[in-house]
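Here's the structure, in structure tokens; my notes come after.
Bear in mind that the values in this text are calculations on the coordinates, not laboratory data. What you see is a predicted model; the values in this text were computed from it and never measured. Every residue, glycine as well, gets a Cβ built from its backbone with ideal geometry; the counts of neighbours run over all protein chains shown.
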Amino acid sequence: MQTTFEITTHGQGLYEFTRDVTRWCEGDGLLTLFVQHTSCSLLIQENADPEVQTDLQNFFSRLVPPTTDPSMSYLTHTYEGPDDMPAHIKAAMMPVSLQIPVNGGRPQLGTWQGIYLFEHRTAPHHRRVIGYLSA
């Protein structure tokens with residue numbers, strides 16, 4: 001069973017889509033999620049305290065700043081703006097696919113876990129995540 005989750009982003013940040021995934025799942029199996037883009041990532045992360053998402057975004061922005069930062073002057077891929085190559089670097093550091101067991105139609109996430117698309121670009125984007133549930 002396969003589907004595509006469409007996620008519209010409004011700039012850098014974490015976008016939770018756990019409810020969409022849970023509504024789609026049925027039966028038992030292994031859920032694989034894969035994002036079809038090279039400048040965003042997928043994460044399973046705490047969904048109770050929004051400060052976690054803020055801190056993660058701030059950490060990665062500090063770790064990999066835009067190419068306008070003097071520390072990033074060695075980067076050459078700047079055709080799509082100062083956030084483009086840093087977005088690719090962040091996506092290379094984080095997962096672009098996830099696997100989650102499903103039991104009784106429910107992803108077996110922990111109490112405080114949610115599924116997020118982590119947008120690394122500053123401009124809005126329309127992202128696609130492929131979901132595949134194998135029995």
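Summary of values
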| quantity | calculated |
| --- | --- |
| Cα-projected label distance for ASN58 with THR38, points at 7 Å along beta-carbon direction, nm | 3.2 |
| Calculated [θ] (222 nm, deg cm²/dmol) that DSSP helices of n ≥ 4 give over the chain, each run adding -39,500 (n - 2.57) | -7000 deg cm²/dmol |
| Folded to 0 to 90 degrees: helix 84-93 orientation relative to the chain principal axis, Cα | 50 |
| Net charge of neighbours whose Cβ lies under 15 Å from the Cβ of ARG23, counting Lys and Arg as +1 and Asp and Glu as -1 | -2 |
| Label-point separation in nm, ALA135 to SER73, each point 7 Å along Cα→Cβ | 6.1 |
| Positive minus negative residues near THR9 (Lys, Arg vs Asp, Glu; Cβ under 9 Å) | +1 |
| Full-stretch length increase - VAL96, ARG19 - with 0.36 nm per residue and alpha-carbon distance subtracted | 25.8 nm |
